[in-house]
Amino acid sequence: MIEWDWANSGRQLAQLFVAFVLTLPVAWNRERADRVMGLRTFPLVAMASCGFMLLAQSAFSGAPDAQARAFQGVITGIGFIGAGAILKQDGSVKGSATAASIWNVGAIGAAVALGRYEIALLLALADYLILRYLTKLKNEPQRDATDGSLQTASARSPGKAMHSGERGRPARCVTRLAGHLRGSPGRRWEETDWRGERIVTASSSSRRRSARRPRSPERGRAARGTRFLWVACQLLTAGSVLAAEPAAVAKQAGDWRRQNERQILEEFSELLAIPNLASDRPNIQRNAELIAAMLKKRGLTTQLLTVEGAPPIVVGDLVVPEAKRTIAFYAHYDGQPVDPAKWKSAPWQPVMRDRAGNEVDWRDANKIDPEWRLYARSSGDDKAPIIGIVAALDALRAQGVAPMVNLRFVFEGEEEAGSPHLAQYLKKYPGVLRPDAWVLCDGPVHQSRRMELFFGARGVVDLELTVYGPVKGLHDGHYGNWVPNPIVRLAHLLASMRDENGRILIKGFYEEVRPPSAEEQAALAKIPDVEAELRREFQIGATEGAGKSLNELLLLPALNVRGIESSGVGEKSSNSIPPEARASLDFRLVPNETPESIQPLVERHLEAQGYKVVREPPDAATRMKHAKIVRANWGAGYPPARTSLDLPLSREIADLMTAAGHEPVRLPTVGGSIPMYLFQQPNDTPVIGLPIANHDDNQHAADENLRLQNLWDGIEVYAALFAGLAGAR
């Protein structure tokens, strides 16, 4: 059975119709001038040209050379048609303007097929205006006042003349007023003779003859031409809206990408080659300046926001006149620290590898495999959205599609350092950094490889614990079982805070947890089950959570032991009791918890285990006074955030992605932490996450990579969103 692409077919029919309408003014002008080609020929040529180019795009997608050859054939064929309009009679040549117009309407049809509506409209206007007004500067045939015969202005009397009826053309013609449908109230049409004199009028309720004041041919033709142009402009606008349909925009963005993959990867590689640690000020500045230049290249208004001691935030604006809202897209251009010894290749020298892990030269390859991966620091987290965004802007420009909302792109330079200056930036630049909504382009897609939308992120706060033993290391044979071992004490302390299933045992820790809403529960039920595959990938025989699914657990707080440090193991071990043991923890928080609300709960728990809580290394007096001592040092942290899945914007973005062929997995929250709460302040601004990197991109680790298909999908989705987000809500 043939599968019919209704969305694409509708767009193509609309393009053919626009090509038809744009040529009507020129066709009418030639028809009224008694030319051999007129109302039938010109629209047919335009539609045929448009149709051939649409077929070429479909048949030779991704092969620009083949499309160019098809275009060349169209041009040649139209030239033969135009040649038939040129006649030599009595030593003079007639029809050259008609022939040129035939060629021009062929270009109009091709421009419409390629989505360049502005070019098509300019060609149509120029053609009509030239034929309409510059004709007066030529010696055109004119009708004799006595018998209606044609005479040239230069001869006027001698010579042969052609009577208007010789070609059997009707003496009268009918034109309907633009914009009125049959049976509509006030619908009127008129019948005119060749001089433009109105001789019959009718309405939907009656048809009656009435005498009308004659009007000049010039006046009648100008009015009809104006009406045709008005209709053309209205249909051009409608055609542009149809062309912005998400499925069509995404498909054309994909077609454009296939023709420009090497240019995209070249620009991406240049960006990835710059080291991007937030603490490396010279290089982080180079990153910011290159990104600003990339945005300026696309015609965006660009600025570098600065505060003392922080990397700049790059902002690019694409302003739409009279747009009612501004949507900001966020990403960050800094990356995690690296240990080059653990990488297969240098972290800031981008390398392409195939599915088997072998290096490939993508610049000279015959075809770029979408399953290849580009290895470099920040290839996935988080420079991928930056190159995806600018490529999507290029694809839209190639289509001639403009957004309906103001688009703002905000790229931060110290997210991986914890965004310590983000709040300061938001306070200093409220006019720039307080849009109507945020889309955060950070993180990986769902483990099922489907794109995802996340509507929340857990908050985070870290805690460093140090448990003390003897003031110096002691021989465990002489003092073991008598001098307290800090490693053992730390192990028992951690076990008192969290059980083996991950449940936090600290009293009152779950009292502030907000239960999931009905929309969130419905979204959870639709998330693909990938847990069995993940267990195989991670090679684990069981999971924590006491039977709860991964996504259910992400709606709950978590306590993670990031690391334990004391004396050595293996070859570095010694038979001794160490003086101290340290553990690094992080707490993942959910609404309505905050770092400030859980800190007293944790410290009361430590005290309930018999420990004296201190902030600095204890002195001798403190050691002698207290049996158990723990040093607790808290990080800054930030609270969780959540956006409703039922907001109009939440549904709009999900619907656009689905229409573009990338139905998203909707996650009420991600397990990781992003400072979404800062973007929500102070007016509870909607914040939605849209990541594009592959889930197995080795984020924050050695050999970070980006699967190319994820980038290609991201370009299509960004293009659909930029073009489809509505101008008012």
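Tabulated data for the structure shown
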read-out	value
In Hz, Karplus ³J(HN,Hα) per residue of the stretch 431-439 (6.51, -1.76, 1.60; θ = phi - 60°; x = Gly, Pro)	x, 9, 9, 10, x, 7, 6, 10, 10
For the stretch 393-471, fraction of C-alpha pairs farther apart than 17 Å, in %	71 percent
Dmax and Rg, reported as Rg then Dmax, of the stretch 610-729 (C-alpha, Å)	22.8, 70
Summed side-chain charge close to Asn485 - residues other than Asn485 whose Cβ falls under 12 Å, Lys, Arg +1, Asp, Glu -1	-1
Directionally averaged shadow of the stretch 428-565, computed from the convex hull of its alpha-carbon atoms, nm²	14.8 nm²
Sites matching GluC sites (Glu not before Pro) across the stretch 483-566 that sit in DSSP coil, with at most 16 neighbouring C-beta atoms within 10 Å	Glu500, Glu511, Glu512, Glu544
Length gained when the stretch Val513-Ala608 is fully extended (0.36 nm per residue, less Cα-Cα span)	31.9 nm
Whole-Hz couplings from phi, Karplus 6.51/-1.76/1.60, listed for the stretch 344-356; x for Gly and Pro	6, 9, 4, x, 10, 10, x, 10, 8, 10, 7, 5, 8
Shape of the stretch 327-415, Cα gyration tensor, a/c cut at 1.5	oblate
Under 10 Å, Cβ to Cβ, from Leu706 - net charge with Lys/Arg +1 and Asp/Glu -1	0
Gain on full stretching of the segment that runs from Ser279 to Gln681 - 0.36 nm per residue minus C-alpha separation	142.0 nm
Gly380 long-range amide H proximity, modeled H, under 5 Å	Asn705
Amide hydrogen neighbours beyond the local backbone of Val460, cut-off 5 Å, H modeled	Leu589, Tyr638
Distance (nanometres) between label positions extended 7 Å along Cα→Cβ at Leu534 and Thr658	2.4 nm
Cβ crowding within 10 Å averaged over residues, with 298-311, 710-723, 349-362, 321-334 ranked highest first	710-723, 321-334, 298-311, 349-362
Per-pair calculated FRET efficiency, R0 = 35 Å: Ala423 and Ala365 via Cβ, rounded to 0.05	0.15
Built amide H within the under 5 Å cut-off of Ile629, gap 5+	Tyr468, Lys612
Loop-located chymotrypsin sites (Phe, Trp or Tyr not before Pro) in the stretch 469-519 whose Cβ has at most 12 other Cβ within 10 Å (DSSP)	Trp482
In order through the stretch 263-268: 3J(HN,Hα) via Karplus (6.51 cos²θ - 1.76 cosθ + 1.60), integer Hz, x for Gly, Pro	5, 4, 5, 5, 5, 5
Coarse-grained scattering of the stretch 537-609 at q = 0.12, 0.16 Å⁻¹, given as base-10 log I(q)/I(0) from a Debye sum over alpha-carbon atoms	-0.59, -0.89
For the stretch 515-570 versus the stretch 591-663, the gap between their alpha-carbon centres in whole angstrom	17 Å
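Read-outs: derived from the displayed coordinates by stated rules, not from any lab. Model, not experiment: these values are computed from the prediction. Quick reminder, even Gly has a Cβ in these numbers, built from the backbone with ideal geometry, and neighbours come from all protein chains shown.
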